[in-house]
Amino acid sequence: MYLAAQEAGNRLLREEAAQMRPHLSLYASALEGHIEHYRALPAVLALDPDLHTALTGGLNSERQRGLNRKLESVNGVATTSTLTLLDAAGHCIAASNWSLPQSNVGHDYSFRPYFRQLAHQDDGSFYGVGHTTGVPGYFLSKALRETSGKLIGALVIKLDLRDIERQWLHNTHTVLVTDPNGVVFLASNSAWRYRVLAPLTANQRSELEATQQFASQSLRPVHGRLIENLGDDGRRIQFDEPGIAGDYLWQSLPLAREGWTLHALDNMRSGTAVARVAELAAAGIWLSAVFLALFLRQRMRTARLRQRSREELEELVRQHTAALRTAQDSLVQAASLANLGQVESLEHLPQGVSVVDAQLRLTACNRRYVELFRLPSDLIRTGRPIEDILRHNARRGLMGPGDPEEAVRRRIEHLRAGHPYRFERERPDGTVLEIRGNPLPGGGFVTSYADITSYKSAARDLRTLATTLEQRVEQRTQELQEAKRDAERANRSKTRFVTAAVHDLQQPLNAARMFVSAVRDRLTEPESLQLARNVEDSLAAQDTILSGLLDISRLESGTMPTHVRDLPIAALFEALTRDFRILAQAKELELRCFKTLAVVRSDEALLRRILQNFLSNAIRYTRRGGVLLGCRRRGDCLRIEVWDTGPGIPECHWQEIFEEFRRLDDAVEQAEGGTGLGLAIVDRIARLLGHTVALRSWVGRGSMFSLTLPLGDSACVVSPPKASLPQDDSVLHGRSVWCVDDDPRVRDATRALLEHWGCRVVTAGGASDGAELAATSAAPDLLILDYHFGKQSGPEVLRELCARWSSSPPIILLTAERDPAVEEDARSRGWGFLHKPLRPPSLRALMKQLLVRGEVH
């Protein structure tokens, strides 16, 4: 069991790790792509001459108001959080949020790293909680310098990354991003935000206080226990703190450009469950139930995994599409500035970009464009017709197959038409480019070339993963179906063995009970009668145990028939009260029953059996007081309750008493005649019918057993006809009765019992004996026929006898087998039917009924 659990856990761990790696890369691509859309924006905006004028030529109130409104307008178009203009000392002189109470204008931001970084470089970045607004975000800065290189100010944009967090909420993984200090600042689960993965040093805490990176947020450390280091597959870590508790598979991916680390956590609750299932399977207990549970669980889990992969792929495609659309808008803006001579605005864009004027002459391009197409330096110059560059690329096969001149002609027509376009092209070296073209205001055209090879590879990997997963599901389904069939075959073999064993055990019991009944009727001395009754009670107890075992076997194999219908329970309550009142009076107990007009939907015989068990247990274990039978309505259900004033049952034993052969020590001392199977049978019958059994008990005060079942429709109640039987034995006197049974003890016992009732008895051991006797005698008034005769069945023996008699007498078919098909066949032929071991009163009543019916007909 231990090895099976370990192997199942390790296998699931490897599968989960393999599935997490592509997801982690996609999370990283989405985050970096979101930032890349805005990275060039500060550089583009920094080219605005109004900003340089404001920083070098002085700033009056009118000029400041104009700058504020311009930044506010640009911020609305760019959809950033804020745009801020700082002077050389780090003071804010204009901001897009100038009209809000939390305006940045007038505040000193010289302590922020994104400003201090500009002393040595042209770009800066920093993530932190807003000093003025209190809203966290990612700051990107661009230095504004004089021609001499002196810093005169800075333009800062703030990106709100909370939209990324909200997108992560739809993922099954917990996604975290930490800064170089190990502080979690982005998290799909808010319980992780502003937690520290490793203890902070004194220098780190001093730096955080100086930069006010996380303002007043409390940075609490995370305490976890490393369970296993999986190498490239990550780590397995256990956390016990509220909100983040769980056993996680942890994988990390560095984001080099930002200096951050992206983490993905997968809760391994499913791994623990799989290990437990593997233990149960290895133990070989309840094979059929375990295999079925594994089958259903695997189907649901793989369906969820398949659906999750598809949803995440669709979400990533949607995000990528939106990102490209936003990037295209920024590209058009940068291209417009480049068309005005500000070529530097294109150099920071990740795409290759070329800009042509209305006469289709090259006006600007960036370094990335030259790198993508490996263009010679003498070919790239301002004013050159774009047709020359296109022809150079077409002759090298970079514009697709076919005639190069035709490819150049089609592209020139697109540019002259001025219609936007987008398409993808795979180059001979395997690189995939996404090409987008858009017209410029006032004439001209801008074309961008984005390398989407990695995105396409990730999409292919996801599709391959989905295909592999479906194949694995199909293979696992076939394995589980075969295992389920093996378990069902083993269960059927067990049921057949139990049925045969009980049949063989009940044969001698049947003979013994009839012998005892015949002897008891001949005894007159009180002591001898008491001994006979004791023997009969012992045989009845043994019969109860065997019948209980057979019933449990039938319930487990699903072969017990049910006849569910709408029935009033008033008659059932009345009959149960009448039957058990004698037992209650013998123990000086009061048995009360509340009358009801309720109609329920159930199987009458099985419902009677459940309530009989409740009442017999209540009377058996109660020494003083009384027993109450009643019911309560609960919505569209009825709850039948049996209360007693017995010793009560400790709560720790409430589940235990529903197990086979399980009785409490106190109950064993108090009870007589119990087998320990009753409540086990009750529990299985209730589950078969879809009813609910419940128990409430108070030690020293008593117990309450209840059964909850659905209410029925009184209009559908059918009253069974009442049968009338003769009250004396005169109908049996002198009657000719044959007993055909292959067990000589049963034949002798039946002869003794029937002769005591005044019958003339003939016995036979099978078809050959019966045929010889039938050849010289007439048909009897009644035939008692066993069902099993070795290789022959009772109906086959009967055909040979009836052929000799040329008639068919009334039949009573006896069998120890609890096969509903045998009983149904007997009743359809109009025969009487009894189970072995026989109860003499039942046999006598059935004989009278058949003989009277034969006289009437």
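The order of the peptides 186-198, 136-148 by mean Cβ neighbours within 10 Å, most packed first, is 136-148, 186-198. When a/c is below 1.5 the answer is rounded, else prolate if a/b is larger than b/c, else oblate, so apply that to region 134-237 with a ≥ b ≥ c taken from the square roots of the Cα gyration tensor eigenvalues. In terms of gyration-tensor shape, prolate.
Label sites at residue 382 and residue 563, each approximated as a point 7 angstrom past Cα along Cα to Cβ, lie 10.2 nm apart. State whether region 1-128 is rounded, prolate or oblate according to the following rule on the C-alpha gyration tensor (a ≥ b ≥ c being the square roots of its eigenvalues): a/c under 1.5 gives rounded; otherwise a/b larger than b/c gives prolate, and the remaining case gives oblate. It comes out prolate by the Cα gyration axes.
A simple charge model with +1 on the Cβ of Lys and Arg, -1 on the Cβ of Asp and Glu and nothing else charged puts the dipole of region 29-99 at about 160 debye relative to its Cα centre. In a reduced charge model with +1 at each Lys and Arg Cβ and -1 at each Asp and Glu Cβ, region 116-163 shows a dipole moment near 120 debye about its Cα centre. Annotation: peptides 72-83, 294-305, ranked by per-residue average of other Cβ atoms within 10 Å with the highest first, follow the order 72-83, 294-305. A Förster radius of 60 Å, combined with the Cβ-Cβ distance separating residue 825 from residue 422, puts the computed FRET efficiency at roughly 0.20. Surface composition of region 740-824: carbon plus sulfur atoms contribute 45% of the solvent-accessible area (1.4 Å probe, protein chains only, all chains present). Annotation: per residue accessible area for region 31-178 equals 41 Å², rounded to a whole number [probe 1.4 Å, protein chains only]. Applying 1/(1 + (r/R0)^6) with r as the Cβ-Cβ distance of residue 528 and residue 299 and R0 = 60 angstrom yields a FRET efficiency of 0.35. When peptides 829-839, 420-430 are sorted by average Cβ neighbour count within 10 Å, with the highest value leading, the order is 829-839, 420-430. Taking amide H as placed 1.01 Å from N in the peptide plane, residue 627 has its amide H under 5 Å from the amide H of 590, 591, 592, each at least 5 places away in sequence or on another chain.
A simple spin-label model places the labels of residue 845 and residue 800 3.5 nm from each other, with each point 7 Å out along Cα-to-Cβ. Remark: region 761-810 carries 46 Å² of accessible area per residue (probe radius 1.4 Å; ligands, DNA and RNA excluded). Listed by chain and number, the lysines whose alpha-carbon sits under 23 Å from that of residue 484, ignoring those within fewer than 8 places in the same chain, are 494. Each Lys and Arg Cβ is given +1 and each Asp and Glu Cβ -1; about its Cα centre, region 78-175 then shows a dipole of about 60 debye.
The values are calculated or read from the model by the stated rules, or taken from the named source; none is laboratory data. Just so it is clear, the model here is predicted, and its values are computed rather than measured. Note: ideal-geometry Cβ built from the backbone for every residue, glycine included; neighbour counts use all protein chains shown. Protein only, heavy atoms only, side chains kept; ligands, DNA and RNA dropped before computing areas. Shrake-Rupley method; radii C 1.70, N 1.55, O 1.52, S 1.80 Å.
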